[in-house]
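Below: the structure, in structure tokens.
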Amino acid sequence: MTLTSPGPTVGVVGGGQLGRMLGEAAAPLGLELLVADPTPDCPAAPVVRDQLVGGFEDEETFRELAERSDYLTFEIELAGPDVLERVAEETGTPVHPAPETLRTIQDKLVQKRRLADAGVPVPEFRAVDTAEDLREACADLGYPAMLKARTGGYDGRGNVPVEGPDDVEDAIDDIAGPAMVEEMVDFERELAVMGCRGDGERDAFPVTETIHEAEILRESVAPARASAATREHARDVAHDVLDAMDGRGVFGIELFETADGEILLNEIAPRPHNSGHWTIEGCHTSQFEQHLRAVAGLPLGTTDQRFPTVSTNILGDVPERQSAALSGEECVLETARAHLHWYGKREVYDLRKMGHVTLTGDDPDALLADARDLRDGLTFE
């Protein structure tokens, strides 16, 4: 890449908080960012060169994005892989990660089958279409189990615990579409690895401990409070996952550490991920810079961690949708080594991700307690 002004352009399908943080990471690299998103003045708009307004499968919008870009990527799995593939072939603008990877990831059953076939350890799973299918699967897997929508689920949406036979009918009704069921994993902790595939190289960021409540990520602790052997095992599994993917970019790889020391794959996101936000302050190269480096074919940056880091999500705490007005942020801004990230969303509702707070220091346990205190002082009420 030869740097010029304006520089090479990366077109991003999606302009939410991930697009916003990609925009923030692009400028020091001399890259220009364009985003395509159906929401006018989306969160990424203030920090990128331009926004195209169009849906996530709008071929005309994708074509214009490709014609104005040197590389294409996406920050949301709702992007249409077939449309991306056609537009890339017609315009000659490469897409990373590959549309085939996106196609695989979008269907959780296809994703699990692909990875199981590649030798990646996964929980036991079954495809289910009817209540009778679910009963038969649970008779084999045991109760409780986790029923998942094959497509469209995120932040806990599309995941329904099945505690016993009496829950089967309601669970199938809640999913209301193609589904799969997994054994309920007895995990010691949940882990995540931000893996990265570059041009002939691969790497992974330090293993992160992720803390969820009601299926929604609340905090990330890096390094994970697991043994060195467990962290090394998790990185090995992440590398195996990367070998099964196509194209360049960052991949959010969610894992379970089981009570008996196994590492099992939960899910993959072929993009920067909430569990890697801590890398902005915690690593020499953030996941967002790394994704752009990979997509543009630049050498990957170092994934070394600078110091222990905790990130906690700022979630909506109001029962009804309303204009977003955060209060209490002064405490974060007054705290040494605390960093506030605001996503610029105009409206807030219950449990919507509105931003995050990162705290760096020495002791992960103390950092987590302090980060929670800072987060609990923030409200939209």
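The values are calculated or read from the model by the stated rules, or taken from the named source; none is laboratory data. Quick caveat, the model's predicted, so the values are computed rather than measured. Cβ atoms come from the backbone with ideal geometry, glycine included; neighbour counts cover every protein chain shown. Heavy atoms of the whole protein, side chains included, go into the accessibility calculation; ligands, DNA and RNA do not. Shrake-Rupley method; radii C 1.70, N 1.55, O 1.52, S 1.80 Å.
At-a-glance table
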item	result
Within the stretch 204-223, considering residues that are out of contact with any helix residue (DSSP H, G or I) (no Cβ under 7 Å at 6 or more places or on another chain) and among the charged types (D, E, K, R), the one most open to solvent (accessible area, probe 1.4 Å)	213
Pairs with Cβ under 7 Å, 6+ apart, first in the stretch 119-140 and closer than 15 Å to residue 161 by Cα, second charged (D, E, K, R) and in a helix (DSSP H, G or I)	125/112; 131/169
Among the candidates 57, 24, 77, residue that is at pLDDT below 95, surrounded by fewer than 24 Cβ atoms within 10 Å (Cβ to Cβ), within 23 Å of the chain's Cα centre (by Cα) and more than 24 Å from residue 244 (Cβ to Cβ)	57
Any hit, the stretch 271-289, residues being out of contact with any Pro (no Cβ under 8 Å at 6 or more places or on another chain), without any contact (Cβ under 8 Å) to a residue 60 or more places away in the chain and surrounded by fewer than 24 Cβ atoms within 10 Å (Cβ to Cβ)	yes
Any hit, the stretch 148-160, residues being β-branched (Val, Ile, Thr), buried (at least 21 other Cβ atoms within 10 Å of the Cβ) and modelled with pLDDT of 95 or more	no
Residue within the stretch 315-324 that is hydroxyl-bearing (Ser, Thr, Tyr), touching a strand residue (DSSP E or B) at 6+ places or on another chain (Cβ under 8 Å), under 18 Å from residue 190 (Cβ atoms) and at pLDDT 95 or above present	no
Residues that are surrounded by fewer than 21 Cβ atoms within 10 Å (Cβ to Cβ), touching a Phe, Trp or Tyr at 6+ places or on another chain (Cβ under 8 Å) and not acidic (Asp, Glu), drawn from the stretch 161-172	164, 165
Single condition residue 185 does not satisfy, out of (1) at pLDDT below 95; (2) within 24 Å of residue 282 (Cα to Cα)	(2)
Any hit, the stretch 206-220, residues being under 24 Å from residue 114 (Cβ atoms), of a type outside the set (A, V, I, L, M, F, W, C) and not in a strand (DSSP E or B)	yes
Residue that is nearest to residue 222 (Cα to Cα), among those in the stretch 294-311 that are out of contact with any Pro (no Cβ under 7 Å at 6 or more places or on another chain) and surrounded by 24 or more Cβ atoms within 10 Å (Cβ to Cβ)	309
Any hit, the stretch 177-192, residues being part of a helix (DSSP H, G or I) and either open to solvent by less than 60 Å² (accessible area, probe 1.4 Å) or charged (D, E, K, R) (or both)	no
Restricting the stretch 237-270 to residues that are on the phi > 0 side of the Ramachandran plot and assigned to a loop (DSSP other than H, G, I, E, B), the residue that is surrounded by the most Cβ atoms within 10 Å (Cβ to Cβ)	247
Unique residue being touching a helix residue (DSSP H, G or I) at 6+ places or on another chain (Cβ under 9 Å) and buried (at least 17 other Cβ atoms within 10 Å of the Cβ) when the list is 33, 3	33
Residue, farthest from the chain's Cα centre (by Cα), within the stretch 221-233, restricted to residues that are in contact (Cβ under 8 Å) with a residue 60 or more places away in the chain and outside any strand (DSSP E or B)	225
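Rundown of residues vs (1) open to solvent by 20 Å² or more (accessible area, probe 1.4 Å); (2) in contact (Cβ under 8 Å) with a residue 12 or more places away in the chain, yes/no style:
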{"site": "329", "(1), (2)": "yes, yes"}
{"site": "334", "(1), (2)": "yes, no"}
{"site": "342", "(1), (2)": "yes, yes"}
{"site": "345", "(1), (2)": "yes, yes"}
{"site": "350", "(1), (2)": "yes, yes"}
{"site": "353", "(1), (2)": "yes, yes"}
{"site": "356", "(1), (2)": "no, yes"}
{"site": "361", "(1), (2)": "no, yes"}
{"site": "367", "(1), (2)": "no, yes"}
